[in-house]
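K.L.:
Here's a structure for you.
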Amino acid sequence: TDQGKLIFAQLQALFNRAPDALTRPILLDRIASATTLQLKLKLPPELKYFDGHFDGHPILAGLIQLGWAIEYAREAFSLKGTVERIDALKFFRVLRAGEEVTLELELERAKDKLSFKYNSAQYAHSAGRIQFGVAA
């Protein structure tokens, strides 16, 4: 507007890009057990999360890394509770478009506590623990 503010519809359009936009990495390999999941993932430059983050040097936001860990854990371990707490969250090295990474998830089922790590062949990229609560 004349006051330098965004109209709500314009702001909403920034977050509601094309519904067919790629929102998950390409799954290259999957190894699972009752309490662990290891996913080898490729981060294609077409991921919608790279758009505008940052031009010329696209990186994957930490929030997306955390979100994927939660999504994949819910699918693999049938977790229904809400996320109550996130502990020991560390981002060591950025994840860039085109990289291949391994997402390792380990569930301590008795406590509904999930540990996750993103690693590439050369680096540890991020890690943390997520505490799930009781399902409503």
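K.L.:
Only loop residues by DSSP count here, and only those with at most 15 other Cβ atoms within 10 Å; note down the trypsin sites (Lys or Arg not before Pro) in the stretch 51-136 that meet that.
P.N.:
Those that pass, being in a loop and sparsely packed, are LYS80, ARG93.
K.L.:
Mind pulling the angle between the C-alpha long axis of helix 62-77 and the longest principal axis of the chain? Nearest 10 degrees, somewhere in 0 to 90.
P.N.:
Once rounded, one gets 40 degrees.
K.L.:
Over the stretch 17-66, what number does the Rg to Rh ratio reach, with both radii from the alpha-carbon atoms and Rh per Kirkwood?
P.N.:
When Rh is taken as the Kirkwood radius, the ratio is 1.05.
K.L.:
Please report how far the C-alpha centroid of the stretch 35-66 lies from that of the stretch 73-123, rounded to the nearest whole angstrom.
P.N.:
The stretch 35-66 and the stretch 73-123 have Cα centres separated by 13 Å.
K.L.:
What are the lysines whose alpha-carbon lies under 20 Å from the alpha-carbon of LYS117, with same-chain residues fewer than 8 places away excluded?
P.N.:
LYS40, LYS42, LYS90
K.L.:
Given the options THR82, THR36, THR23, state which has the largest fluctuation in a GNM of the chain using a 10 Å cut-off (strictly under) for Cα springs.
P.N.:
In this elastic network of the chain, the residue with the biggest mean-square fluctuation among THR82, THR36, THR23 is THR82.
K.L.:
Moving on to the next point. Give me the percent of accessible area attributable to carbon and sulfur for the stretch 14-130, probe 1.4 angstrom.
P.N.:
52
K.L.:
I need the chymotrypsin sites (Phe, Trp or Tyr not before Pro) found in the stretch 63-104, filtered to DSSP loop residues with at most 14 other beta carbons within 10 Å of theirs.
P.N.:
When the chymotrypsin sites (Phe, Trp or Tyr not before Pro) of the stretch 63-104 are filtered for loop state and at most 14 Cβ neighbours within 10 Å, PHE92 remain.
K.L.:
Enumerate by residue number the chymotrypsin sites (Phe, Trp or Tyr not before Pro) in the stretch 24-55 meeting two conditions: DSSP loop (anything except H, G, I, E, B), and at most 16 other Cβ atoms within 10 Å of the site's Cβ.
P.N.:
Those satisfying the criteria are PHE54.
K.L.:
Calculate, for the chain, the solvent-accessible area per residue in square angstrom, rolling a 1.4 angstrom probe over the heavy atoms of the protein chains.
P.N.:
For the chain, the solvent-accessible area averages 64 Å² per residue.
K.L.:
How are the C-alpha pair distances of the chain spread across 5 Å bins, as whole percents from the shortest bin up?
P.N.:
Result returned by the calculation: 2, 9, 18, 19, 17, 15, 10, 5, 3, 1, 0, 0.
The values are calculated or read from the model by the stated rules, or taken from the named source; none is laboratory data. Computed from a predicted model, the values in this text were never measured in an experiment. Heads up, the Cβs are rebuilt from the backbone with ideal geometry, glycines too, and the neighbour counts pull from every protein chain shown. These area figures cover heavy atoms from the full protein model, side chains too; ligands, DNA and RNA do not enter into them. Shrake-Rupley method; radii C 1.70, N 1.55, O 1.52, S 1.80 Å.
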